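The values are calculated or read from the model by the stated rules, or taken from the named source; none is laboratory data. Quick caveat, the model's predicted, so the values are computed rather than measured. Counting neighbours? That spans all protein chains shown, and the Cβs are built from the backbone with ideal geometry, glycine included. The area values use the complete protein model at the heavy-atom level, side chains included, leaving out ligands, DNA and RNA. Shrake-Rupley method; radii C 1.70, N 1.55, O 1.52, S 1.80 Å.
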Amino acid sequence: MPQELDDLSAFVAVARTGGFREAARVSGLSASGLSEAVRRLETRLGARLLHRSTRSVSPTEAGARLFERLSPALAEIGAALDAVHARTDEPAGTLRLNVPANVARTVLPAILPRFLRAHPQIRVEVTVEDSFVDILASGADAGIRYEERLEQDMIAVPIGPRAQRILTAAAPSYLAARGRPAHPRDLLEHSCLRLRFSSGALATWEFEKAGETVRLDPQGPLLIQPGSACDLLIDAALAGLGIVCLFEDWLAPHIRSGALETVLEDWATPFTGPMLYYSGRRQLPPPLRAFVDFIRTMQPAEQADP
């Protein structure tokens with residue numbers, strides 16, 4: 001049974017990461033060992049679980065069904081083992097979080113270092129993913145998302161600043177050459193630097209003022225997916241290539257320095273900050289319980305990026 005459990009864990013790791021090398025990097029095991037484990041499991045089950053090519057690995061139909069059932073089951077096993085191993089005065093184990101890029105960049109830096117110093121027996125694994133995910137199927141203990149993207153039937157706890165804004169901004173050189181938009185619809189005549197979610201959908205630009213809401217799909221010379229590549233979007237704005245629309249926290253240093261100037265700021269409406277969410281239908285692993293308790297004791301000002 002122990003080897004069977006190891007083989008199942010290996011399959012889940014490869015299916016989740018989409019490759020043997022990435023699964024090896026995440027798990028600390030060798031790619032060849034993971035490959036052999038999956039091969040043993042396929043032989044035992046008499047079914048092919050993964051499509052393999054030189055560029056990618058993806059689950060077969062049978063593999064996808066197995067992955068969907070195994071991920072939450074293995075998470076429960078991990079939580080049970082953490083509960084047995086944890087001391088009552090010092091929780092231990094691994095906390096797995098699935099978060100969007102903005103949270104990884106502007107919220108967690110003010111929280112995780114203090115949490116890890118307070119709980120040295122806990123290890124935190126953060127997966128940065130902007131698309132909607134089933135946190136249990138993904139193998140995460142909890143996710144962080146904004147309210148409109150929360151999964152149903154989840155317990156939600158506020159984390160980070162309770163109000164945030166999306167700002168539009170451009171370099172002074174761009175505004176001098178192209179003019180300053182007076183209304184959001186003016187952006188349709190400007191070069192706009194855009195984000196595309198991993199799902200393929202473009203991030204809509206939304207503005208609100210005095211009861212009027214405007215949603216736009218402007219065009220421009222640069223389109224990227226969120227994540228660390230957002231720095232490239234900001235660099236393009238700094239170089240005068242167009243108008244960028246991002247979280248205020250990302251743009252603030254450049255606005256303070258004068259390298260970027262806000263436009264249409266009176267149309268930027270604050271929205272509720274992110275929420276930590278997790279399933280209420282399973283026993284909380286000790287690391288997650290410790291994390292929930294920790295952020296509940298912090299004041300909103302303490303959770304903001306210093």
Among the residues listed as ILE243, ILE234, the single one being without any contact (Cβ under 8 Å) to a residue 40 or more places away in the chain and over 30 Å from ARG289 (Cα atoms):
ILE234
Count of region 73-96 residues which are at pLDDT 75 or above and in contact with a strand residue (DSSP E or B) (Cβ under 8 Å, 6 or more places away or on another chain)
6
Given (1) surrounded by 12 or more Cβ atoms within 10 Å (Cβ to Cβ); (2) touching a Leu at 6+ places or on another chain (Cβ under 9 Å), index of the condition ALA182 fails:
(1)
Return only the number of the condition from (1) surrounded by fewer than 20 Cβ atoms within 10 Å (Cβ to Cβ); (2) touching a Phe, Trp or Tyr at 6+ places or on another chain (Cβ under 8 Å); (3) modelled with pLDDT under 85 that THR54 does not satisfy.
(2)
Can you pull out the residues in region 235-244 that are open to solvent by 20 Å² or more (accessible area, probe 1.4 Å) and either assigned to a helix (DSSP H, G or I) or touching a Leu at 6+ places or on another chain (Cβ under 8 Å) (or both)?
ASP235, LEU238, LEU241
Any residue at all in region 214-227 that's under 19 Å from ALA182 (Cβ atoms) and among the basic types (Lys, Arg)?
yes
Checklist (1) in contact with a Ser or Thr (Cβ under 9 Å, 6 or more places away or on another chain); (2) modelled with pLDDT of 85 or more applied to THR43, failing item
(1)
Residues of region 97-119 classified as under 19 Å from LEU284 (Cα atoms) and not in a helix (DSSP H, G or I), total:
4
Can you spot a residue in region 103-124 that is in contact with a Leu (Cβ under 7 Å, 6 or more places away or on another chain), open to solvent by less than 50 Å² (accessible area, probe 1.4 Å) and more than 16 Å from CYS245 (Cβ to Cβ)?
yes
Over region 9-63, the set of residues more than 26 Å from ARG96 (Cβ to Cβ), hydroxyl-bearing (Ser, Thr, Tyr) and under 26 Å from the mean Cα position of the chain (by Cα) is none
Consider LEU233 carefully, then state whether it is of a type in the set (A, V, I, L, M), closer than 21 Å to ASP130 by Cβ and at pLDDT 90 or above.
yes
